[in-house]
Amino acid sequence: MERIHAFCDDALGDLDAVGLVEKLRSGEVSASELVEAAIARTEAVNPKLNGLAYEAFDHARARADARRPYGGYFDGVPSFIKDNVAVAGMPTMQGTDAWDPHPMPADGAWARTFLSTGLIPLGKTQMSEFGFSGSAEHPRIGPVRNPWNPDYTAGASSSGSAAFVAAGVVPIAHANDGGGSIRIPAACNGLVGLKPSRGRLPLDKETARMPLHLVANGAVSRSVRDTAAFLREAERVYRNPKLPAIGDVTRPGSQRLRIAVCTKSILREASPEMRELTLKTAALLEELGHKVTEIDNPVPERFKDDFLAYWSFLAFAVVRGGRRMFGPSFDRTRLDTLTLGLDRNAARGLHKVPPAVARLRASRRITQRLSDTYDAVLMPTLNEATPRIGHLDPTAGYDQVMDRLLEWVSFTPLQNATGDPAISLPLGESASGLPVGMMLSGVVGQEARLLELAYELEEARPWTRIQS
């Protein structure tokens, strides 16, 4: 199957965001040229990839043409924002058709931070309904497809952003992660995806009201330096004094680390293919001088039930409170099977939610204990290789979809519960020729260490390029 990408000899070329900043500052290209190139690339690949939720091309052109710069390190670099945060003048549809779209009156907390870095959004990207599924397969407009092979999913709720970055439409785009939705699409599409520590970056007020903050905002990119630069710039806009600063991380660290490797999820051992690729990454880390030790999964089996109870409660809140949240046009009959199934699951067990939330909060003790012995933990990002479109069809029976989802996505939710940072790096390739992500995690506040490790691995085993 032919890969789908838009890389060509235009103003964007094959540069990452940092490379484009250098060209902008030298005067080799203008912001307008970059935006026009990104619009042309969007129009070229979106009919096949289906990543676009809302087009804001004219707004992007106006911002790029403005006589005064907007400021920010990335000023002039085109990007996209995922369709679950508030951006002035754009609707927020959360990947669903359940209410009539209307433009938001003002930027939310996250958009203010994102836009302050200077990135110019061309619009919003597709996602799974409310981010509940690991695959964005909209019943009406169709699935978001993987640019490495469009027969396969682009993965998780940040799939539109990831597909566009992998296909070369833009170098970096917004993603957020409530159960793996930065790391999963990064793994599926051959990208760098770092979920920051809880509280590192701001949340829109609706998300911030949740009893447990599973969601973290961030970005997907094609290079470690882009992810590092984005976090550096976002931190200049929004600084959480309770966390150690990430700072300007530009190279590998010199310290040799104690790294645990775990290939068993909370459900079972990873597939033989994922285990083999994880152990190859562990061997690479050993070659680089790190001390690597294989461990059993320290997370109790109950974690799965607790996470599902809380995840279901979020769907319950949306389904039962939809009119209050989204307006009188909200129609629950337009919701997909997965959302409605989660709602029913919650309704049967609301009494389970408070103790589940308490145990999820306490799960941070697990990783804190691990940190007494290890500096980082290596795991496969996903339990199995990327599935084909239809495997996680949200209109299929709830039990089927949920069983398949839990089988595939069983490593990433832990860091959403603990609030720890974790990064997925495209260090492997599946038998089907798709990228495979390897995940490194630390404890809260250790993004800089993960970025240093990521730089080292990127240098030692450069990722395959989609246009190669």
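The values are calculated or read from the model by the stated rules, or taken from the named source; none is laboratory data. This structure is a prediction, so every number in the text was calculated from the model and none was measured. Positions of Cβ are backbone-derived with ideal geometry, glycine not excepted, and every protein chain shown enters the neighbour counts. These accessible areas exclude ligands, DNA and RNA; they are computed on the full protein's heavy atoms, side chains included. Shrake-Rupley method; radii C 1.70, N 1.55, O 1.52, S 1.80 Å.
Only one residue of H213, A282, P150 has its Cα farthest out toward the positive end of the dipole of the range 17-460, where Lys and Arg carry +1 and Asp and Glu -1 on Cβ, and that residue is H213. Adding -39500 (n - 2.57) for every DSSP H run of four residues or longer, then dividing by how many residues the chain holds, sets the calculated 222 nm ellipticity at -11500 deg cm²/dmol. With θ taken as phi - 60° and the Karplus curve 6.51 cos²θ - 1.76 cosθ + 1.60 applied, the whole-hertz 3J(HN,Hα) list for the range 25-42 is 5, 7, x, 5, 9, 10, 4, 4, 5, 5, 5, 5, 5, 5, 5, 4, 5, 4 Hz, x standing for glycine and proline. With both labels modelled 7 Å from their Cα along Cα-to-Cβ, the E55 to M210 distance reads 3.2 nm.
Across the chain, the relative contact order, built from alpha-carbon pairs under 8 Å that are at least six residues apart, equals 18 percent.
Taking every DSSP beta bridge that has both ends in the chain, the antiparallel portion is near 70%. Multiply the residue separation of D97 and R369 by 0.36 nm, subtract the distance between their alpha-carbon atoms, and state the gained length in nm to one decimal. My answer for the length gained is 93.5 nm.
Relative to the current alpha-carbon distance between M104 and R140, full extension at 0.36 nm per residue lengthens the span by 10.6 nm. Backbone geometry of the range 280-289 corresponds, through the Karplus equation with coefficients 6.51, -1.76 and 1.60 at θ = phi - 60°, to 3J(HN,Hα) couplings of 5, 5, 4, 5, 4, 4, 5, 4, 7, x Hz, x marking Gly and Pro. Leaving out same-chain residues fewer than 8 places away, which aspartates and glutamates sit with a Cα under 20 Å from that of K205? Qualifying aspartates and glutamates at Cα under 20 Å: D83, D107, E129, D177, E235.
Bridging of K291 to lysines at a Cα separation below 23 Å is possible for K264, K280, once same-chain residues fewer than 8 apart are set aside. Note on the chain: dipole from Cβ charges, positive end direction compared against P354, N84, L201; the farthest Cα belongs to P354. Summing charges over all other residues whose Cβ lies under 14 Å from the Cβ of Y152, with Lys and Arg as +1 and Asp and Glu as -1, gives -2. Rounded to the nearest Hz, the phi-derived 3J(HN,Hα) couplings of the range 444-450 under the Karplus curve 6.51 cos²θ - 1.76 cosθ + 1.60 (θ = phi - 60°) are 3, x, 9, 4, 4, 5, 5, where x marks glycine and proline. When the solvent-accessible area of the chain is split by element, carbon and sulfur atoms take up 49 percent of it, the probe being 1.4 Å.
You can think of it this way: the chain between A245 and D151 has 29.7 nm of extra reach, that is 0.36 nm per residue less the Cα-Cα gap.
Around the Cα centre of the range 17-460, unit charges on the Cβ atoms of Lys, Arg, Asp and Glu (plus for the first two, minus for the last two) sum to a dipole of about 1340 debye.
The residues of the range 17-460 present an accessible area of 36 Å² per residue when probed at 1.4 Å with all protein chains retained.
Taking the Cα atoms of the range 17-460, the ratio Rg/Rh between the radius of gyration and the Kirkwood radius comes to 0.94.
The H on the amide N of A422, modeled in the peptide plane, is under 5 Å from the matching H of K195, each at least 5 residues off or on a different chain.
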